[in-house]
Amino acid sequence: MTLRSSIHHRSKADIAGFAHLTLEIVNANASITLEHIPKFHGQTEDPKLKMALKDCLVSYNTIVKVHLREALNAMDVGDYRAVQQKAYVTIIEAESCNTKFRNLATSPLRDTNRYVQNLCAIAISIAKKLVLPYQLPTSI
């Protein structure tokens with residue numbers, strides 16, 4: 001049995017649980033990153049790096065306290081379209097943080113940004129599976 005065929009044999013609750021767990025993992029990682037950004041900021045003397053980290057602090061604050069919180073709340077009530085939207089906006093925020101380091105020699109958040117983006121993409125994909133098979137026909 002492949003993963004693809006396995007998904008079709010799982011209950012909606014199992015799949016929703018996996019999506020919820022994925023978002024919880026992203027949230028935990030992003031929360032740790034939010035705590036570490038001020039430490040990175042304090043360890044550098046480079047004004048451009050300090051500014052990039054300051055901007056990323058704003059992004060990660062929004063990721064953790066708004067987007068992922070709302071995505072998890074949407075999962076709890078079965079609003080899988082909202083989950084997709086919030087996870088997508090989280091990807092955009094993480095990419096925004098990435099762009100702050102483009103012309104700098106170092107990017108202390110590159111791996112974390114990718115991790116957040118990749119797991120959110122997985123959550124979006126799972127949420128799409130939860131919406132599509134269970135939609136009512138739009139026309140008869």
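Read-outs throughout are calculated quantities, based only on the coordinates presented, and are distinct from any laboratory measurement. Here the structure is a predicted model, which means the values were calculated and not measured. When we count neighbours, we look across all protein chains shown, and the Cβ atoms used for this are built from the backbone with ideal geometry, even at glycine.
Data for the structure
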item	result
Burial ranking of peptide ranges 25-33, 99-107 (average Cβ count within 10 Å, highest at the top)	25-33, 99-107
Lone cysteines, the chain (no partner Cβ under 4.7 Å)	C120
Nitroxide proxy distance, nm - points 7 Å out along Cα→Cβ at T44 and A105	1.2
Rh by Kirkwood over Cα pairs, then Stokes-Einstein D for the range 13-134 at 1.306 mPa s and 10 °C, µm²/s	109
Potential lengthening between L132 and H36 on full extension [0.36 nm per residue; Cα-Cα distance subtracted]	30.7 nm
GNM result for the chain, Cα springs below 10 Å: residue of H20, H36, H67 fluctuating most strongly	H36
